[in-house]
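Colleague: Got a structure for you, questions after.
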Amino acid sequence: MASPPAHRQLDALPDDLLAEVLIRLPSLADLGRACASCASFRRVVTDRAFLRRARALHPPSLLGFCGASPGAGGFHFHPAEPPHPSAPAARGVLRAADFGFSFLPSPDPLGWVVRDVLGGRFLLDRDVVEEGAAAASRILAVCDPLFRRHLLLPQIPQDLPAASALRQSRRGDTFFAPIGEEECVAAVAETSFKVIWIAECADKLVAFVFSSVTGQWRATASVCWGDLSSAFSRPACRSMSRRSYAYGCFYWMMGDSGKNLLVLDMRRMDFSVLELPSSAPGHDIVECAIVEEGEGKIGMFAFRNYIAGYALQIYSAKMQNEGKAAAGKWSFETAMVVPFDEFGILGATSRELFLKVPPSFARGCYSLEFSTNPSCKYLESVRRVISGVPPSLSFLYVGYPPSLSSPSI
């Protein structure tokens, strides 16, 4: 008598034993295929406890890029394309998610603007003028387009210290921050998040923090420009560019001089300034990304402008005991000429730099992969993730395929 197929034999196992078999599959793609092949497998794989174990073993993957599409209406997700290994999962996300945010409570969904993307969540805002109000108020929403869920955040209370800065602020930044393990219990960890609102005023910076655990805003950091650095005496030197995150700190390159990074330390909740590596006149850093390098170091991908084009330079800096990089202690690691005259950084990890490149080179979004050898960092490969993309792409979408995802709100 013939033996039953292997999957039927596994199907007969108790769920706890079946989980021990499935957790040993070598990749998320294998888990996804198992989940789609059998109802019993799917029941085990989609259990929250199993998903937590699987995610601890398999970090999320780059699935694509997001951004507004002028003339096409609204916000769009551009999935990774073959032969990128995430292409099948990315197509699944494209089919399953609502990146038009039609589930938001608004008669005009195009009025919402995406400000940040992290962990499957999207942070959006819009201006609303209430009847009788002298000025528009700003509303924030956190959305999960895969599960079509949203949460409207409360307004910042006017009785909070420095809340008046919101009325004076002309610019600033709103974004997600990683939530610490000590701030939430395991039962709500997957749906917990933190939002930072930085108000940039004429004379100072003020930071407010919203926690989904408490459901409240609090004012956390305030500093005058002059107390940070004399370099910020000119308003042109105060504009905040693309944001980076590493080891509990956020970094912004400031202004048009290419000489300073503004740092927000989430542990101490204070602002400081970190000087960028010096250079010859006319060759300042025009764009950079800070990453976690390991071994107590931060790394930096930095682009400098030269007559012949742009050069990508890689630096590292040792972290001090209080978790900050020592000013002026950057170590040069390597440099290379890049073959395009226009670009934009979309994101970075310790070994990958993601760029959007215009039609003048070979239009698309690229992944530059570097070696992980700390004594000799070099470019291993350049891979186009997607092609023919609009110039307004702004965010990486990093996550899991729909079958291995769970609601984030």
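Colleague: Can you pull the accessible area of Cys66 for me, 1.4 Å probe, Å² to the nearest 10?
Modeller: Rounded to the nearest 10, that gives 0 Å².
Colleague: Which of the peptides 206-216, 347-357 is most tightly packed, and how do the rest follow, judged by the mean count of other Cβ atoms within 10 Å per residue?
Modeller: 347-357, 206-216
Colleague: Quick check for you: with a 1.4 Å probe and neighbouring chains kept, what is the accessible area per residue of the range 13-58, in Å²? Provide the component values of the computation, followed by the final result.
Modeller: On the way: 2550 Å² over 46 residues.
Dividing the accessible area of the range 13-58 by its residue count gives 55 Å².
Colleague: When a/c is below 1.5 the answer is rounded, else prolate if a/b is larger than b/c, else oblate, so apply that to the range 216-261 with a ≥ b ≥ c taken from the square roots of the Cα gyration tensor eigenvalues.
Modeller: Because a/c hits 1.5 or more and a/b fails to exceed b/c, the range 216-261 counts as oblate.
Colleague: What does the highest-first list of 266-274, 197-205 look like by mean Cβ count within 10 Å? Walk me through the intermediate numbers first.
Modeller: Values: 266-274: 17.0, 197-205: 19.3.
Output ranking for 266-274, 197-205: 197-205, 266-274.
Colleague: Another one. Provide, as a two-decimal number, the C-alpha radius of gyration of the range 13-58 over 2.2 N^0.38 Å, N being how many residues it has.
Modeller: 0.99
Colleague: How many percent of the accessible area of the range 13-58 is carbon or sulfur, using a 1.4 Å probe?
Modeller: 59
Colleague: How high is the FRET efficiency between Asp203 and Ser137 when r is their beta carbon distance and R₀ equals 22 Å, given to the nearest 0.05?
Modeller: About 0.45, to the nearest 0.05.
Colleague: Under 5 Å between amide hydrogens, which residues at least 5 positions from Leu140 or on another chain qualify, with H placed 1.01 Å from N in the peptide plane?
Modeller: Leu153
Colleague: Give me the net charge of Glu81's neighbourhood, meaning all other residues with Cβ under 12 Å from the Cβ of Glu81; Lys, Arg count +1, Asp, Glu -1.
Modeller: +3
Colleague: Additional query: So if R0 is 35 Å, what FRET efficiency would Val213 and Leu379 give, r being the distance between their Cβ atoms, rounded to the nearest 0.05? Don't jump to the answer; show the numbers that get you there.
Modeller: Details: r = 42 Å, r/R0 = 1.19.
The pair Val213/Leu379 has a calculated efficiency of 0.25.
Colleague: Skipping prolines and chain starts, which residues have an amide H placed within reach, meaning under 5 Å, of the one on Glu380, given they are 5 or more residues away or on another chain?
Modeller: Glu369, Phe370, Ser371
Colleague: Tell me, what HN-Hα J-couplings in whole Hz come from the Karplus equation 6.51 cos²θ - 1.76 cosθ + 1.60 at θ = phi - 60° for each residue of the range 152-160, using x for Gly and Pro?
Modeller: Karplus values, whole Hz, x for Gly and Pro: 7, 7, x, 5, 5, x, 6, 8, 5.
The values are calculated or read from the model by the stated rules, or taken from the named source; none is laboratory data. Just so it is clear, the structure is predicted and the values come from calculations on it, not from any experiment. Note that each Cβ is placed from the backbone with ideal geometry, even for glycine, and that neighbours are counted across all protein chains shown. To get the accessible areas, we keep the full protein, side chains included, count just its heavy atoms, and leave off ligands, DNA and RNA. Shrake-Rupley method; radii C 1.70, N 1.55, O 1.52, S 1.80 Å.
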